[in-house]
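Since the structure comes first, as structure tokens, the remarks are kept for the end.
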Amino acid sequence: MTDTQWQVFEVFHQPVRGEPHVHVGSVHAPDAETAILMAKEQFARRQACVNIWVVRADAITATTYEDADIFEHGTDKSYREAFGYETTKRAKAVGDSAEL
Amino acid sequence: MVQPTRERLNDQPGDPGFEENLAKFEARVARGDKVEPGDWMPDAYRQQLIRLIHVHANSEICGALPEGTWIPHAPSLKRKMALVAKVQDEVGHGQLLYRAAETLGKSREEMIDELIEGKAKYSNVFHYPAETWADVCVIAWLIDAAAIVNQKMMAEGSYGPYARALKRICYEEAFHLTHGYDMCISMATGTKLQRDMLQDAVNRWWKPIMMFHGPSDKESKHTELLMRWRIKLKTNDAQRQEFLVKYLPKMFNLGLTVPAEWDLKFDEKTRTWTYNEPDWDEFVHVVRGNGPVSAQRLETRRLSHEHGRWVREALAAAASGRRVPMPN
């Protein structure tokens, strides 16, 4: 039997307008249109959903967990953060006590 | 992205670097980290998970069969709608689980085919017949309760895709359990005929229920390894005990009894139930496909698969741009 495999589509749902789409799982389907139908039945039977994306799994390029160290910071990156500055103190010193 | 993309290399004892990788793997699992599809894992971990998830998926699919049979005979429209929803959930759970197992390298098609060909196992309880509506009530309450004890535990397990599927499944099972209890309360507080039907169903289902969580720890050959790798977090006996402690009082409260031959007694000191051990040879015999309705279940499953073939062919044809064939 060779009629049950099909392609895999990853499914992303948006619970309410304005929220980001979130990955919820995947379905088998012969095409994207059917994948939407399958995804609706599988992932939107109960919980709120206003929009679904389906993406062919083989269209996704991902990093590997083995290479997770590429996300580590080699040097101090606090200069990229608001907390990396003592500006509140310095602003007060120049006479500005209002919120930054 | 959950397709296994990398070669499985050196994942068996004796392979270069195996011991070192195993030590790292076990340390990670012990920390409570989740294992994801692309990660290095021992082949035995992969095989054990494929085996367990495949059986679990098959059980969801086969669990829909006795309940599906009762849809046309439900006693009210409300019960019928709830039963239809439950059956749809179970089939959906089967599909979620087949997807989780696929991330380990076994295709859904192989798993579906192996079930139909009688080469794959499914839960012992679905090898028994659902003779009356009261059986549907007992399955929905007590068997789903027993399954939830198992699934809540497995949802905390080490394999990411399986744990994620189980979180969704447990959420939906909460409706099954509530509805099952609701049905049993109706029967237990109904006419004498209804009460007798419910008790009769409990009497017939108690043996499969006592066997549901699998062989006693003394006999279970996989438990030690499965627990070390956090595939399982509780032994079979611990799960059975958890089920008994929570649900026996609820059953007694409804005026139900358990067949005397089990000699169930509550030990106040250990706060656990003692009982006569089920016949584990019989359990093994049943799950190998020799239960009272094993053959009938597979035949129903096979027919259902055949009856759905034209739909699959039509979908595939539409996707390829060909004309949609009509059913014969």
Q: Please find, within the stretch B:179-208, the residue that is surrounded by the fewest Cβ atoms within 10 Å (Cβ to Cβ) out of those that are under 17 Å from B:ASN236 (Cα atoms) and touching a Phe, Trp or Tyr at 6+ places or on another chain (Cβ under 8 Å).
A: B:TRP206
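For the stretch B:284-324, which residues satisfy the criterion of being in a helix (DSSP H, G or I) and of a type in the set (Gly, Ala, Ser)? Working first, answer last.
Within the stretch B:284-324, the subset in a helix (DSSP H, G or I) is B:284-290, B:294-307, B:309-319.
If the condition is that a residue be in a helix (DSSP H, G or I) and of a type in the set (Gly, Ala, Ser), then B:GLY289, B:SER294, B:ALA295, B:SER304, B:ALA314, B:ALA316, B:ALA317, B:ALA318, B:ALA319 are the ones that fit.
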Q. Of all the residues that make up the stretch B:157-178, how many are within 24 Å of B:MET41 (Cβ to Cβ) and exposed (fewer than 15 other Cβ atoms within 10 Å of the Cβ)?
A. 1
(Q) Go through the stretch A:11-27 and report how many residues are assigned to a strand (DSSP E or B), on the phi > 0 side of the Ramachandran plot and more than 9 Å from chain B (Cβ to nearest Cβ). (A) 0
Q) So which pairs qualify, if the first residue must be in the stretch A:28-53 and away from chain B (no Cβ under 13 Å) and buried (at least 17 other Cβ atoms within 10 Å of the Cβ), the second must be of a type in the set (Ser, Thr, Tyr) and part of a helix (DSSP H, G or I), the Cβ gap must be under 6 Å, and the two must be at least 6 apart or on different chains? A) none
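Limited to the stretch B:247-262, what total is found for residues that are of a type in the set (Lys, Arg) and assigned to a loop (DSSP other than H, G, I, E, B)?
Step one: of the stretch B:247-262, the residues of a type in the set (Lys, Arg) are B:250.
Of the ones still in play, those that are also assigned to a loop (DSSP other than H, G, I, E, B) are none.
Looking only at that region, the number is 0.
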Q | Hits in the stretch B:231-245 (condition: in a loop (DSSP other than H, G, I, E, B), among the charged types (D, E, K, R) and surrounded by fewer than 20 Cβ atoms within 10 Å (Cβ to Cβ)) | A | B:LYS234
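Regarding the stretch A:63-74, can at least one residue be identified that is surrounded by 10 or more Cβ atoms within 10 Å (Cβ to Cβ), out of contact with any Gly (no Cβ under 9 Å at 6 or more places or on another chain) and at pLDDT below 95?
Looking through the stretch A:63-74, at least one residue is surrounded by 10 or more Cβ atoms within 10 Å (Cβ to Cβ), out of contact with any Gly (no Cβ under 9 Å at 6 or more places or on another chain) and at pLDDT below 95.
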Q | Unique match (being more than 14 Å from chain A (Cβ to nearest Cβ), out of contact with any helix residue (DSSP H, G or I) (no Cβ under 6 Å at 6 or more places or on another chain) and among the β-branched types (Val, Ile, Thr)) among B:ILE139, B:ILE143, B:ILE148, B:ILE71 | A | B:ILE139
Q.
Consider the stretch B:35-61. How many of its residues are away from every other protein chain (no Cβ under 14 Å) and more than 20 Å from the chain's Cα centre (by Cα)?
A. 3
**Q.** Of all residues making up the stretch A:54-68, the number that are more than 9 Å from chain B (Cβ to nearest Cβ) and closer than 30 Å to B:VAL87 by Cα
**A.** 3
Q. Taking B:ASP281 and the conditions (1) surrounded by 13 or more Cβ atoms within 10 Å (Cβ to Cβ); (2) under 21 Å from the mean Cα position of the chain (by Cα); (3) modelled with pLDDT of 95 or more; (4) assigned to a helix (DSSP H, G or I), which numbered condition does it fall short on, given that it satisfies the others?
A. (1)
Q | Selection count where residues are at pLDDT 95 or above, in a helix (DSSP H, G or I) and not hydroxyl-bearing (Ser, Thr, Tyr), scope the stretch B:177-227 | A | 29
Q) Which residues, taken from the stretch A:30-68, are under 18 Å from the mean Cα position of the chain (by Cα), under 30 Å from B:LYS24 (Cβ atoms) and not hydroxyl-bearing (Ser, Thr, Tyr)? A) A:ALA57, A:ASP58, A:ILE60, A:ALA62, A:ALA68
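When the residues of the stretch B:246-265 are narrowed to those that are among the aromatic types (Phe, Trp, Tyr) and surrounded by 14 or more Cβ atoms within 10 Å (Cβ to Cβ), which ends up farthest from the chain's Cα centre (by Cα)? Show your work before the answer.
So in the stretch B:246-265, the residues among the aromatic types (Phe, Trp, Tyr) come out as B:247, B:252, B:262.
Checking the rest, the ones that are also surrounded by 14 or more Cβ atoms within 10 Å (Cβ to Cβ) come to B:247, B:262.
Working: B:TYR247: 18, B:TRP262: 24 Å.
Residue satisfying both the conditions and the ranking: B:TRP262.
The values are calculated or read from the model by the stated rules, or taken from the named source; none is laboratory data. Remember, it's a predicted structure, so these values are computed and weren't measured experimentally. Here Cβ is always computed from backbone atoms with ideal geometry, including for glycine, and neighbour counts include all displayed protein chains.
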